[in-house]
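Data first, discussion second: the structure below is written as C-alpha cells.
The values are calculated or read from the model by the stated rules, or taken from the named source; none is laboratory data. Computed from a prediction, not measured in an experiment: that's the story for all the values here. Cβ atoms come from the backbone with ideal geometry, glycine included; neighbour counts cover every protein chain shown.
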Amino acid sequence: MSVEEVPDPVLKEPSDAIIRITSTGLCGSDLHLYEPLTPFMRQGDIVGHEPMGIVEEVGSGVHGIAPGDRVVVPFQIACGHCFMCSRGLQTQCETTQVREHGTGAALYGYSELYGAVDGAQAEYLRVPYADYGPIKVPAGPPDDRFLFLSDVLPTAWQAVEYAEVPDGGALLVLGLGPIGDMATRIALHRGHRVIGVDLVDARLDRAAAHGVETIDLRLVDDVAEEVRSRTDGRGADAVVDAVGMEAHGSPMAALAQRMTMLMPRRLAAAMMQRGGVDRMAALHTALDAVRRGGTISLSGVYGGQTDPFPMLTMFDKQITLRMGQANVRRWTDAILPLLVDDDPLGVDGFATHHLPLEEAPQAYADFQRKADGMVKVVFQPGVGSA
C-alpha cells in the first residue's frame with residue numbers, strides 16, 4: 001500500500017457525480033486484498049469502499065443530488081431499476097454485474113473480480129448511477145454519525161436480519177471486529193441476548209461495555225461447548241459469522257492462501273477462482289454452536305471454490321444458512337431514523353482511530369496486526385498529520 005498523486009476523476013456518463021471525500025473507512029474486507037485476493041489486484045489500483053463527502057459536480061442526467069449536498073455512498077454500485085435492484089438485491093445488480101468473472105455488482109476499490117473500479121480512499125470519487133446510490137444526509141452532526149451507512153451499518157443490519165433471532169432468543173456473534181461489534185449493538189437494541197467471541201482484549205472489552213456476554217477464545221477449549229453451557233445445552237438460536245476467510249485456525253488453508261502469493265499473478269488468480277480454499281474454523285464453530293433448527297448468517301467474506309461443507313451435520317441439524325454482501329439501499333431507510341436524533345447504536349464513538357489519508361499504509365499494517373486497540377479506522381483526506 002502506498003499513497004500516490006493521481007489525476008482527479010472526471011464525469012464519464014450523464015449519470016455520474018464527483019464527490020469530494022471528507023471521511024472514508026478502512027474495512028476488514030480491505031485486508032483480504034492484502035493477502036487472499038492479491039492475485040486480483042493490479043499496480044495502481046485505488047482501494048476503499050466506505051466514503052462520504054460533498055457533491056462537487058453532477059452529470060446532466062442526475063437530478064436527485066446537487067453540488068453542495070452531503071452524501072454517503074454505498075460500497076456497491078447499483079442502478080436501482082433492474083430486476084435484482086427492484087427486489088432489494090442491490091449487490092446482484094444486473095446492470096453492473098462483473099460478468100467477466102461471474103460475480104455480482106461492481107464494488108468500489110475491490111479488485112478486478114468486482115470491476116476494477118477506482119476506490120474511495122482518495123480525495124475525490126467518481127460515483128456512477130448517482131441518482132440512486134448516494135444517500136443524502138443532513139448537515140450538522142460529525143461525519144461518523146452517518147459514515148457507517150456506506151457499509152458497516154447495513155452489513156451488520158443484514159447479518160442480524162438474516163439470523164432471524166426469535167423473540168427471547170440468543171444470538172452468538174463470532175468475531176468482534178467492526179461488523180461483529182455493530183451486529184451485537186443492533187441485536188441488543190432489538191432486545192436479544194447476545195454472546196460474542198473474540199481473542200483481542202480491546203474488542204472483548206468494548207463489546208462487554210455494551211452489554212454483550214463475551215467468550216475469550218484464548219480461555220476456552222471448545223467454543224461450541226461453552227455456548228451450550230450457557231444456553232440450556234441446546235446452543236445459540238442463531239449465529240452471525242463475522243470472521244470469514246481470515247479466521248484463526250485452519251493452518252493448511254492459511255498455507256494454501258500464502259502459496260498463491262508466490263505464483264505468477266495470472267496463475268494465482270486462476271487457482272483462487274477454481275480451487276481456492278478458505279480458513280473454515282469460524283464456520284465450523286458456527287455449525288457446531290448453533291442449536292438444531294437454528295440459523296447461521298454469514299457476513300464474513302469467503303472466497304473459496306472447493307471448501308468442504310459438513311453436509312451431514314447441516315442436514316441432520318436442520319440448519320438454515322443465509323449469506324451475501326449487504327444490499328445497502330435495502331436497509332438504509334430503516335437505519336437512518338436511529339442516526340438523526342439520538343445515537344442508540346453508539347456510532348459517534350464507534351471509530352477507534354481517525355487518521356490523515358497519508359498514514360494509510362501504516363494503518364493497514366497496524367489494522368492487520370490488531371495493534372494499538374485498533375478496531376475501526378476512519379481516514380480524513382485533506383487533514384494533515386499532527
In the range 41-53, is there at least one residue being aliphatic (A, V, I, L, M), in contact (Cβ under 8 Å) with a residue 60 or more places away in the chain and closer than 15 Å to Val137 by Cα? yes
Checking Ala386, Ala365, Ala360 in turn, the sole residue that is modelled with pLDDT of 95 or more and out of contact with any helix residue (DSSP H, G or I) (no Cβ under 6 Å at 6 or more places or on another chain) turns out to be Ala360
Only one of (1) over 30 Å from Pro7 (Cβ atoms); (2) assigned by TED's automatic domain parsing to the domain that holds Leu336 does not apply to Ala120, and that is (1)
Condition (residue is in contact with an Asp or Glu (Cβ under 8 Å, 6 or more places away or on another chain) and acidic (Asp, Glu)) applied to the range 178-201: is it met by at least one residue? yes
Specify which of the listed residues (Ala207, Ala224) is among the hydrophobic types (A, V, I, L, M, F, W, C), in contact with a Leu (Cβ under 6 Å, 6 or more places away or on another chain) and in a helix (DSSP H, G or I). Ala207
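Would you pick out the residues in the range 196-211 that are aliphatic (A, V, I, L, M) and either buried (at least 24 other Cβ atoms within 10 Å of the Cβ) or not assigned by TED's automatic domain parsing to the domain that holds Asp232 (or both)?
Val197, Ala207
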Return the pairs, sorted by first residue and then second, in which the second residue is part of a strand (DSSP E or B) and at pLDDT 95 or above, the first residue lies in the range 156-176 and is in the same structural domain as Gly294 (by TED's automatic domain parsing) and of a type in the set (D, E, K, R), the beta carbons are less than 6 Å apart, and the residues are 6+ apart or on different chains. Glu164/Thr295
Hey, can you tell me all the residues within the range 325-355 that are of a type in the set (Val, Ile, Thr) and modelled with pLDDT of 95 or more? Val328, Thr332, Ile335, Val347, Thr352
Determine, yes or no, whether Gln318 is surrounded by fewer than 16 Cβ atoms within 10 Å (Cβ to Cβ), part of a helix (DSSP H, G or I) and either at pLDDT 95 or above or in the same structural domain as Tyr132 (by TED's automatic domain parsing) (or both). no
Taking the range 48-86 as the region of interest, how many residues are assigned to a loop (DSSP other than H, G, I, E, B), in contact with a strand residue (DSSP E or B) (Cβ under 8 Å, 6 or more places away or on another chain), crowded, with 17+ Cβ neighbours inside 10 Å and of a type in the set (A, V, I, L, M, F, W, C)? 5
Matching entry among Ala371, Ala360, Ala334 (being surrounded by 15 or more Cβ atoms within 10 Å (Cβ to Cβ) and either more than 18 Å from the chain's Cα centre (by Cα) or in contact (Cβ under 8 Å) with a residue 60 or more places away in the chain (or both)): Ala360
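Table: residues versus (1) of a type in the set (D, E, K, R); (2) in a strand (DSSP E or B); (3) modelled with pLDDT of 85 or more.
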{"site": "Arg228", "(1), (2), (3)": "yes, no, yes"}
{"site": "Asp232", "(1), (2), (3)": "yes, no, yes"}
{"site": "Val243", "(1), (2), (3)": "no, no, yes"}
{"site": "Met272", "(1), (2), (3)": "no, no, no"}
{"site": "Leu283", "(1), (2), (3)": "no, no, yes"}
{"site": "Thr313", "(1), (2), (3)": "no, no, yes"}
Looking at Tyr132 and the list (1) within 16 Å of the chain's Cα centre (by Cα); (2) of a type outside the set (Asp, Glu); (3) outside the structural domain of Met182 (by TED's automatic domain parsing), which single condition is not satisfied? (1)
Identify the residue in the range 132-191 that is part of a strand (DSSP E or B), aliphatic (A, V, I, L, M) and out of contact with any Gly (no Cβ under 6 Å at 6 or more places or on another chain) and, among all such residues, is surrounded by the fewest Cβ atoms within 10 Å (Cβ to Cβ). Ile135
Report, by residue number, each residue of the range 330-370 that is among the basic types (Lys, Arg) and closer than 30 Å to Met1 by Cα. Arg369, Lys370
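State all residues of the range 54-75 that are free of Cβ contacts under 8 Å to residues at least 40 places away in the same chain and aliphatic (A, V, I, L, M); if no residue qualifies, say none. Quick ask: steps written out before the conclusion?
Taking the range 54-75 as the starting set, the residues that turn out to be free of Cβ contacts under 8 Å to residues at least 40 places away in the same chain are 54, 66-68.
Answer for the range 54-75, where residues must be free of Cβ contacts under 8 Å to residues at least 40 places away in the same chain and aliphatic (A, V, I, L, M): Ile54, Ala66.
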